[in-house]
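The values are calculated or read from the model by the stated rules, or taken from the named source; none is laboratory data. Remember, predicted model here, so these are calculated numbers, not experimental data. In this analysis, Cβ positions are derived from the backbone assuming ideal geometry, glycine residues included, and neighbour counts consider all displayed protein chains. Ligands, DNA and RNA are stripped out before the accessible areas are found, and what is left, the full protein with its side chains, is counted by its heavy atoms. Shrake-Rupley method; radii C 1.70, N 1.55, O 1.52, S 1.80 Å.
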Amino acid sequence: MVFHRNTLLELLDGVHTFEEEVYPQKKDLFQSLAYDQTPPTLFITCADSRISPSLITQTEPGELFLIRNVGNIVPAYGNMVGAVASAIEYAVGALRVKNIIVCGHSNCGAMSALINLATDPEKLAEIPTVRRWLHNAEAAAATIADLRAEDVGPKDVRDLAEANVRLQLTHLKTHPIVAKALSRNELNVQGWYYDIQNGRMYILSDENKTEYSVKEAIDLLKKGSPATNG
């Protein structure tokens, strides 16, 4: 794959194009966002460079409040008081978001690392912070069959990625501000899995451990079914 923004100079050239061509086309939008934000959705996803939330959801600046980290992880409340917990608290408590999405994806390096963590922790010796961070996803690995890292295939990584999304949704609901909003029906929470190669998103149901296509999820929501809620 040939990239067009490999160097700092090329990145700055991209910014220049934004300033001179893109911004003027959407000047009213950016000026309306200059002093305030009211995003309806908190989108929690992996730091993986292949994931572009705004492109996937076809949203404009100001519509998504983003949390990105290795493995789209949400530590259970109290385990790690840091950026993720504070961003969730701010999104729900101050910005009053109406939706929270936790989105995993195919061929996730964090999931492969999680399998290594379970089978041969020394493989992660050179990235100790990542190793500690992935402890927040260990319970997901425990839900799938015992695997040796050398035997892992794409389906195994997908199963683990989906299990991890469901686990992080469980962690998310331990945050008091989220639990309170859910109890008042002020918040929708959903888990997604993004298939990069095929450009498809799947909505994960936590209730019956099934998944829905986007079209199926839309139809269910139109009918008022809660089946696709995380």
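List of remarks:
- Selection count, region 167-186, where residues are in contact (Cβ under 8 Å) with a residue 60 or more places away in the chain and buried (at least 20 other Cβ atoms within 10 Å of the Cβ): 7
- Boolean, MET1 is assigned to a loop (DSSP other than H, G, I, E, B), modelled with pLDDT under 95, open to solvent by less than 90 Å² (accessible area, probe 1.4 Å) and over 20 Å from MET201 (Cβ atoms): no
- Filter result (out of contact with any helix residue (DSSP H, G or I) (no Cβ under 9 Å at 6 or more places or on another chain) and either farther than 22 Å from LEU64 by Cα or buried (at least 17 other Cβ atoms within 10 Å of the Cβ) (or both)) within region 99-121: GLY109
- For region 25-33, the criterion of being more than 21 Å from ARG200 (Cα to Cα), open to solvent by 70 Å² or more (accessible area, probe 1.4 Å), of a type outside the set (Phe, Trp, Tyr) and in a loop (DSSP other than H, G, I, E, B) is met by at least one residue.
- For region 199-214, the criterion of being under 21 Å from SER106 (Cα atoms), without any contact (Cβ under 8 Å) to a residue 60 or more places away in the chain and in a helix (DSSP H, G or I) is satisfied by at least one residue.
- Filtered by the rule that a residue be open to solvent by 30 Å² or more (accessible area, probe 1.4 Å) and either closer than 19 Å to THR41 by Cβ or at pLDDT 95 or above (or both), region 78-93 gives ALA83, SER86, GLU89, TYR90.
- In summary, ARG96 fulfils each of the numbered conditions (1) open to solvent by 70 Å² or more (accessible area, probe 1.4 Å); (2) part of a helix (DSSP H, G or I); (3) at pLDDT 95 or above with the single exception of condition (2).
- Residues in region 48-92 that are closer than 21 Å to TYR23 by Cβ and in a strand (DSSP E or B): LEU64, LEU66.
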